[in-house]
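Bear in mind these aren't lab numbers, they're just calculated from the coordinates by the rules spelled out. Only a predicted model underlies this, so the values are computations on that prediction, with no experimental measurement involved. Glycine gets a Cβ as well: all are built from the backbone with ideal geometry, and neighbour counts include every protein chain shown.
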């Protein structure tokens, strides 16, 4: 049954995504915030379809910790699910991602319209400069910035290296960080077609001020909170 329901979800995803993207391309002349308002409806629809087709929904703890001003979201990365759900949970946002994702047909085209911070990860120090320059621009436009500090999806119970980029951007723009933990990987695993029914738990931590902190110290605080919360969610 899980296989059938997962197939139905994926079929619906592609049948909806292709025409939605083609319509979304028409939003190009609109201001960035207006484009986002339309394009983010895709994520809202997919989360609804996921609940209907696969019986997979979510609940959030810590909504009161979401600030009123644009901030950085540093989130655990376990599946594709959180790239959808963060759009429903938080205000308008952009994501830090590798530039090559924009080349994916349909999906990448839509991503390009959301004003992402697309960087060349192999550029080293230059990539950090790109991150700060584009990050300042997006924050000034009232966007939140989403970063997955591990850089790639990790399996439940594992921990990737927390890269410095998110903390670097926070300290260089004097922006607070909102840490986010979740257990989506227990239901929607990396590189798996299967979506298991259940209730994903999302936990939002208190904002961490970046003022007066070095990037390494801030990065460690974020990692400590997220990984401790992951243990609590798994328990």
Long-range Cα-Cα pairs in the range 28-143 (distance over 16 Å), rounded percent
66
Sort out for me the Cα centre separation of the range 40-65 from the range 107-149, rounded to whole Å.
25
Less than 14 Å from a label point 7 Å out along the Cα-to-Cβ axis of residue 164: which backbone N atoms in the range 197-235 qualify, by residue?
214-220
With T = 25 °C, eta = 0.890 mPa s and Kirkwood Rh from C-alpha pairs, the Stokes-Einstein D of the chain in µm²/s is about 135
Quote to one decimal, in nm, the extra length available between residue 14 and residue 121 on full extension: 0.36 nm per residue of separation minus the C-alpha distance between them.
35.6 nm
Within the range 192-235, find all residues whose amide N lies under 16 Å from a label point positioned 7 Å from the Cα of residue 43 along Cα-to-beta-carbon.
202-204
Kindly provide the Kirkwood hydrodynamic radius of the range 92-139 in Å, to one decimal, from all pairs of distinct alpha carbon atoms.
11.0
Separation of the range 205-230 and the range 1-36 by C-alpha centroid, Å?
34
Determine, for each peptide in 185-192, 3-10, the mean count of other beta carbons within 10 angstrom over its residues, then list the peptides with the highest first.
185-192, 3-10
Above 19 angstrom, tally the Cα pairs of the range 77-205 and express them as a % of all pairs, no decimals.
52
Out of all DSSP beta bridges in the chain, what portion is antiparallel? Express it as a percent rounded to 5.
20
In what order do 47, 131 fall by count of nearby beta-carbon atoms within 10 Å, going from fewest to most?
47, 131
